[in-house]
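Quick note: the coordinates plus some simple rules give every number you see, no bench work behind them. Because the structure is predicted, anything quoted here is derived from the model rather than measured. FYI the Cβ positions are ideal-geometry reconstructions off the backbone, even for glycines, and counts take in every protein chain you see.
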Amino acid sequence: MSGADPDFFFRSFKKYAQDKSFYQRYPVAQFKSFEDMGKHGSYDVIVFGTSVANMGWAEIMRQDFGMRICNAWPFLNQFNSRNAGGKILDNYNKINDHKKALLLYCNFTETWELNLEMLDDVKEPERMVEPREAAASTFFTPLSRVIRRADWWIHVLRWPQVVVINLNGDDEVFFISDLASLTAKREYDKYAYSKLVRQLKHFKERAAEHNCRFAIAAFPNKAQQYEWLLLETGKIKSISPRINTQTLKKAAQECDIPFLDIEEKLTPIAKEVYAKERALLWWRDDTHVNGLGAKYIAGIIKEFIDSLDKYYVQKNQGVQYEFR
């Protein structure tokens, strides 16, 4: 995208930066171990996933709504995020002393390729391939790994790539990866989709062994949430089909896993706030929500969690109920 500035944060960040760093903006309990996590009493909700799990809304739910909620993300983020959900289940009795809870997986759904390796390790069946394809993969697979690794390092060394876009007179910082997600052409073949379903079913079954429920919350990034404003600037020309969100939602429904599309619920609120106050629910210099955004998301997730009791009661009576 024209206007991308990979050195922006090293030269001009002070002009756009807001007071606090990421961890200062979202203060949460810093656990030292799974045993330490369990010392604070039993939890009704255990939150994990990507950085969106740490955007302040969980703390608001604890303080304002009196919910017994554990944000496991800061502790798990100290290690490899792969298999984070599995680590929670492996240590579940240390955390919650055999008491049932809701395991809420939170993710920036559209920003990257859809990947649920954060949930749990799942042994995948061997994929049948034609001999010619197998021979080609023998040569190209190591090469492709080298290319992917090199591309990853290039991305890291240039991160964060940002662009400043003027929204009706106000400069806002947007990440290039977020803007790119609005126009990304993604497709998931039958194999990729079946793998996604297997991952979800596997984790749901493991959670059920602890008498726990499992639900998914899909979070929007800043560009995604304010796509309607970006369209007015002409920086983007078409509306994103939200392929990742729709694919994950379909798989969750197939597995009978409650799914919350936060963008769908937050959009009318974001538009109303902007119309009245010319304010965004996101930090000016970040792709994570600010305090006001965290407050509204906390209310949306609280409503979603409250609805799950109705979901499971009606399900047990043979009636399907879907939160919308």
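Annotations
- Cα-projected label distance for Asp171 with Arg82, points at 7 Å along beta-carbon direction, nm: 4.1 nm
- Sorted peptide list for 213-222, 60-69, criterion being average Cβ within 10 angstrom, highest first: 213-222, 60-69
- Distance between the modelled labels on Glu117 and Gln246, one decimal in nanometres: 2.7 nm (7 Å Cα→Cβ projection).
- Glu232 versus Lys99: modelled label distance in nm, points set 7 Å from Cα along the beta carbon direction: 4.7 nm
- Among Tyr43, Tyr274, the ranking by other beta carbons within 10 Å of each residue's beta carbon, starting with the fewest, stands as Tyr274, Tyr43.
- Multiplying the residue separation of Ala180 and Ala275 by 0.36 nm and subtracting their alpha-carbon distance yields 31.6 nm.
- Only Cα pairs under 8 Å and 6+ residues apart enter the sum, and on that basis the relative contact order of segment 210-295 stands at 35 percent.
- For segment 42-103: rounded, prolate or oblate by the Cα gyration tensor [a/c cutoff 1.5]: oblate
- The length gained by stretching the chain between Ile239 and Asp44 to full extension, at 0.36 nm per residue less their Cα-Cα distance, is 66.4 nm.
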